[in-house]
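The values are calculated or read from the model by the stated rules, or taken from the named source; none is laboratory data. Here the structure is a predicted model, which is why all the values come from computation and not from measurement. FYI the Cβ positions are ideal-geometry reconstructions off the backbone, even for glycines, and counts take in every protein chain you see. For the accessible areas, the whole protein counts, side chains as well, though only heavy atoms, and no ligand, DNA or RNA atoms are used. Shrake-Rupley method; radii C 1.70, N 1.55, O 1.52, S 1.80 Å.
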Amino acid sequence: MTEDITSLLGSVASVQVKSPGAVRRAQRASPGDAPAIARALGVHYLLDGNVRRVGSRVRVSIRLLTGATAVAAWGDVFDRNPDELLALPSVIAQAVALRVGAPVPSSQTSVFGTLRTRSPAAYDHYLRGNFFLARRSPDETARALVEYREAERLDSGFAAAIGRAAYAHAIARGNYYRLPDAPIDSLAVRGLVIANRALRRDSTSSDAWMARGYLLAFANPRTMDGSLQAFQRAIALDPRNAEAHHQYGSILNWLGRYEEADREQHAALALDPGRAISFVDLAWTHVRDTKLAVALTDSAVALDPASAFSRRWRALARLWAGDLRGAQEDAELANRLQPGDIVMESVLATVLAHAGDRGRARALMAHWPGRNEHWLIMAALVAVGDTAAALDRLERASPVPYLWAGLRRPEFDALHGNPRYERLLASLRPGLFP
């Protein structure tokens, strides 16, 4: 309910709404002190409430507080059947908007009447899927897809859930996660089919356009044709879609448009400060500023300490900042958290090689003969000094949209000036059609 009310109020042009994450931080700093929370957030009003069961019904109590005085400016109590709850956020948001002096023209009234789905059970599966997908692990990406499919089974017109199912395919393709029923090389095509199905259900689904944008980058890795336009459409349809801002930033990063990438990642964090993945991608953008890259990955790890994904990127940030011990601790933990993953092993091998333990690094790499599906494999080969082998595999690698960007990272600095590397880099730079 918090998420829906926040999104609906944010759709009103004359109202600015703080993200739930920012509110939680202010609450932790000043528990129970409404004026202090309002000052910390810089807001005129606070919206407070609770949800509780009363017999077979659900009671929602709402209070709109004047921030400076904590005096209630408005309040109401709503009794609903559980299957009526999905319509309630729009009722509350419209009432709040009017009471804070924000006129709601007819063009915006329709926003308050729009529901993602009328099935509470489908919506619950959708939210669970979003939670799992944000963790960025193979198992939880697969679990997210199961949740989105169940949401679609319960409501075949639930375009946002269908769009997120397509997006789960994109996340799996980008991170080389195996889904139970699809080879990795088929994920982009399969995901596009699902995204198109979502758009047939609802052509205004921001999630579906976001998925299409990310999948088009993998379907057209040399040009990324259509990708930026799809992301721009997704953000125009829902400016508060933090995930869309985040992945748009990723695409801009892969194109070398770092200032724009930085802006989009910060937009994602402004909307949802708890996004560990956005801190990780910002660290990629600023990898050459080693102190900043470490600080950003520190934030990612603090938000999700058990994430192998965050640990592996902090390992690399620490490596280039000269903290070999910290880098090895993170890389070892990432491998324990996600054992047998060749990407995690590649990071550990890279760190070990730079720490002087090339023997162990080579032992880790012994079962990788000929594998070239991720640029971090070739980065490990460079780290142990197998430059020719790294270039051989890079020249045979299937094109992916982020390969050019990966080759420009510090992991490949030892190859600068090598004619084969320079030719490869020039050939891989993505060209973007308007």
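Measuring with a 1.4 Å probe in the full set of protein chains, what accessible area per residue, in whole Å², belongs to the stretch 325-372? Don't skip to the end; give the middle numbers.
Numbers: 2180 Å² over 48 residues.
Per residue, the stretch 325-372 has an accessible area of 45 Å².
Using the Karplus curve 6.51 cos²θ - 1.76 cosθ + 1.60 with θ = phi - 60°, what ³J(HN,Hα) values do you get for each residue of the stretch 319-333, in whole Hz, with x for Gly and Pro?
4, 6, 8, x, 8, 5, 5, x, 4, 5, 4, 5, 5, 5, 5
What percent does the relative contact order of the chain come to when contacts are Cα pairs within less than 8 Å and at least six residues apart?
Details: 706 pairs, mean separation 39.5, N = 434.
About 9 percent, as a whole number.
Suppose a student asked you for the relative contact order of the stretch 189-315, using Cα pairs under 8 Å spaced at least 6 residues apart; what percent would you report? Could you put the intermediate results ahead of the total?
Details: 169 pairs, mean separation 18.5, N = 127.
Relative contact order of the stretch 189-315: 15 percent.
From the list (1) 0.96; (2) 1.05; (3) 1.01, can you say which value of Rg/Rh (Cα atoms, Kirkwood Rh) was derived from the structure given?
Checking each listed value against the structure points to (3).
Is the shape of the stretch 108-226 rounded, prolate or oblate, going by the alpha carbon gyration tensor and its root eigenvalues a ≥ b ≥ c, with a/c under 1.5 for rounded and a/b larger than b/c for prolate? Present the calculation step by step, with values, prior to reporting the outcome.
On the way: a/c = 2.14, a/b = 1.34, b/c = 1.59.
It is oblate, given that a/c is not under 1.5 and a/b is not larger than b/c.
So what's the gap between the Cα centers of the stretch 275-325 and the stretch 167-202, to the nearest angstrom?
Centre-to-centre distance over Cα atoms comes out at 27 Å.
For a Förster distance of 25 Å, can you work out the FRET efficiency between the beta-carbons of Tyr258 and Thr204, rounded to the nearest 0.05? Display every interim value, and only then the final one.
On the way: r = 31 Å, r/R0 = 1.24.
E(calc), rounded to 0.05, equals 0.20.
For the pair Gln232/Arg423, report the inter-label distance in nm, with labels modelled 7 Å from Cα in the Cβ direction.
3.6 nm
Evaluate E = 1/(1 + (r/R0)^6) for Thr2 and Ala68, where r is the Cβ-Cβ distance and R0 equals 22 Å; express this FRET efficiency to the nearest 0.05. It would help to have the intermediate numbers written out before the result.
Working: r = 23 Å, r/R0 = 1.04.
E between Thr2 and Ala68, to the nearest 0.05, is 0.45.
Rounded to a whole number, what % of the accessible area of the stretch 297-344 do carbon and sulfur atoms account for, probe 1.4 Å? Please list the in-between numbers first.
Details: 950 of 1880 Å².
Carbon with sulfur: 50 percent of the solvent-accessible area.
If the chain between Asn196 and Arg57 were fully stretched, how many nm would it gain, using 0.36 nm times the residue separation less the Cα-Cα distance?
My answer for the length gained is 46.2 nm.
Pull out the extension gain between Thr223 and Ala102, defined as 0.36 nm times the separation in residues minus the alpha carbon to alpha carbon distance; nm, one decimal.
Working: separation 121, 0.36 × 121 = 43.56 nm, distance 4.39 nm.
39.2 nm is the gain from fully extending Thr223 to Ala102.
Highest GNM mean-square fluctuation, the chain, Cα pairs closer than 10 Å: which of Arg318, Arg164, Arg396?
Among Arg318, Arg164, Arg396, the largest GNM mean-square fluctuation belongs to Arg396.
What does the charge add up to near Ala208, with Lys and Arg as +1, Asp and Glu as -1, over the other residues with Cβ less than 14 Å from its Cβ? It would help to have the intermediate numbers written out before the result.
On the way: positive: Arg116, Arg164, Arg197, Arg200, Arg201, Arg212, Arg233; negative: Glu152, Asp202, Asp207, Asp238, Glu243.
Spelling it out: positives minus negatives among the neighbours equals +2.
Calculate the FRET efficiency for Ser186 and Glu395 from the Cβ-Cβ distance with a Förster distance of 25 Å, rounded to the nearest 0.05. Intermediate values should be presented prior to the final figure.
Values: r = 24 Å, r/R0 = 0.95.
The calculated FRET efficiency here is 0.55.
What number comes out for the charge environment of Pro273, summing +1 per Lys or Arg and -1 per Asp or Glu over other residues with Cβ under 11 Å away? Intermediate values should be presented prior to the final figure.
Details: positive: Lys18, Arg24, Arg25, Arg275; negative: Asp272.
The answer is +3.
So how much slack lies between Arg153 and Asp124, counting 0.36 nm per residue of separation and subtracting their Cα-Cα distance, in nm? All intermediate terms of the calculation are to be shown ahead of the outcome.
Working: separation 29, 0.36 × 29 = 10.44 nm, distance 1.28 nm.
Result: 9.2 nm gained on full extension.
Rounded to the nearest Å, what's the spacing between the alpha carbon centres of the stretch 1-50 and the stretch 341-397? Just the number, please.
47 Å
Given points 7 Å out from each Cα along the Cα-Cβ axis, report the His44 to Ser14 separation in nanometres with one decimal.
Going from the His44 label point to the Ser14 one covers 0.9 nm.
Rank Ser30, Ser11, Ser310 by mean-square fluctuation in a GNM of the chain with C-alpha springs under 10 angstrom and give only the top-ranked residue.
Of the options given, Ser30 has the highest mean-square fluctuation.
Excluding Arg408 itself, what net charge comes from residues whose Cβ is under 11 Å from its Cβ, given Lys and Arg +1 and Asp and Glu -1?
Values: positive: Arg288, Arg409, Arg429; negative: Glu411, Asp413.
It works out to a net charge of +1.
How big is the dipole moment of the stretch 323-391 about its Cα centre under a simple scheme where the beta carbon of each Lys and Arg is +1, that of each Asp and Glu is -1, and everything else is neutral? Debye, nearest 20, please. Spell out each step's value before the answer.
Values: 6 positive and 9 negative charges, 43 e Å.
Its charge dipole is roughly 200 debye.
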